[in-house]
Amino acid sequence: METGTTGFKISPARRHPHSKVIGRKAEPESDQTCLDLDTGYRKYQGQNRILKIQRENTYRFINQWQCLHLIWILIGKIKKKKSDHQGNLDAVEYLDAVEYSTTFSNVTFFIFGPLMTFLMRPYIQQRSRYLYVLFVLFTVTGLFSMYFHMTLSFLGQMLDEIAILWLLASGYSIWLPRCYFPAFLGQNRSRYSSLIIIISLVSTFLSFLRPTINAYALNAIGLHIIYIVVQEYKKTKNKELQHLIEVSTVIWALAFTSWISDRLLCSFWQWINFSYLHSIWHVLISFTFPYGMVILALVDSEYEMPNKTLKVRYWPRDTWPMGLPYVEMGDDHKSC
């Protein structure tokens, strides 16, 4: 042990290797001093490893919290973010009844999509396997609509509307009768399908430029489908097809009325404390799509499958006053 000029004792193990003691030459470090320094360095490394582990655990906890927060979002318990979506939903904030009714009114899409795929599987096998894509898009539309109405985010709005766009495009490319094709295509379905894909891609890009008009444009496409259905209604003598067209037109008219009223008369519905029109729109339009698919399948069979007979059935029972329509391949063949 040494004593410096100030009177303090200096331990060789703790003295800095480059330090000097005034009035006396510093002695070389002993083996014990090197051992102590090495031990201290190891302790320092151990503390660093502990701190690193603690930081990793903290980050892991944060990531777990983010996952929980995402689940919290999925059950609709977050504040609504603004989007370009107009209507009653923008004016209502933190109203749990409206949030849940509008979000979970999309459940029918998850039920009808897989159910229709199963019920119409024999028809799909004979007509076109691309119909599986259409039914998947129908289910995905409900998923994106649910996400949009949980968050009211711009991303949710675009996913919802783009899914609807491609759903309609798929139906057009598969079921539209050739007599309605543009003249320059020469009733070639492959060329027509390619044209529909190009138009859908361009429309997808344009939808980001003016998102406020997307919903109106999609409903305009619906009006064109109604026009085609009315033309076929005038041509056909099939009573079952006529009945389906009548029922689907009424359901679509009620759905469209709910949607347009929700947008244009928002203040009135708030004043009477009734904010469920958009939920009604979801439920009614989810019924309209299966009816429309069966109608287009029957119309298409007249042109593309003239030797096949399609039978209209209703799930769960044919005798019920209301049911989910689907088509079944008949055993007999049409005579020429």
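The values are calculated or read from the model by the stated rules, or taken from the named source; none is laboratory data. What you are looking at is a predicted structure, and each value in this text was computed from that prediction instead of being measured. A quick note on method: Cβ atoms are made from the backbone with ideal geometry, for glycine too, and the neighbour counts reach across all protein chains shown.
Points to keep in mind about this one:
- Scanning the stretch 198-209 finds one or more residues that are buried (at least 16 other Cβ atoms within 10 Å of the Cβ) and part of a helix (DSSP H, G or I).
- Any chance Glu246 is free of Cβ contacts under 8 Å to residues at least 24 places away in the same chain and touching a Phe, Trp or Tyr at 6+ places or on another chain (Cβ under 9 Å): yes
- The condition (being more than 24 Å from the chain's Cα centre (by Cα), in the same structural domain as Ile174 (by TED's automatic domain parsing) and under 22 Å from Leu137 (Cβ atoms)) is satisfied by just one residue among Pro321, Pro325, Pro306: Pro325.
- Taken over the stretch 163-188, the criterion of being within 18 Å of Ser203 (Cβ to Cβ) and not in a helix (DSSP H, G or I) is satisfied by Leu176, Pro182.
- Exclusive hit being more than 18 Å from Leu134 (Cα to Cα) and either at pLDDT below 85 or not assigned by TED's automatic domain parsing to the domain that holds Thr249 (or both), set Tyr227, Tyr216: Tyr216
- Apart from one condition, Leu296 fits all of (1) modelled with pLDDT of 90 or more; (2) in contact with an Asp or Glu (Cβ under 6 Å, 6 or more places away or on another chain); the exception is (2).
- The criterion of being of a type in the set (Phe, Trp, Tyr) and more than 20 Å from Glu246 (Cα to Cα) does not hold for Trp281.
- Hey, Arg191 in contact (Cβ under 8 Å) with a residue 40 or more places away in the chain, loosely packed, with under 15 Cβ neighbours inside 10 Å, under 21 Å from Leu134 (Cβ atoms) and among the charged types (D, E, K, R) or not: no
- Taking the stretch 146-164 as the range and being surrounded by fewer than 21 Cβ atoms within 10 Å (Cβ to Cβ) and either touching a Pro at 6+ places or on another chain (Cβ under 8 Å) or farther than 17 Å from His282 by Cβ (or both) as the test, the residues that pass are Ser153, Phe154, Leu155, Met158, Ile162.
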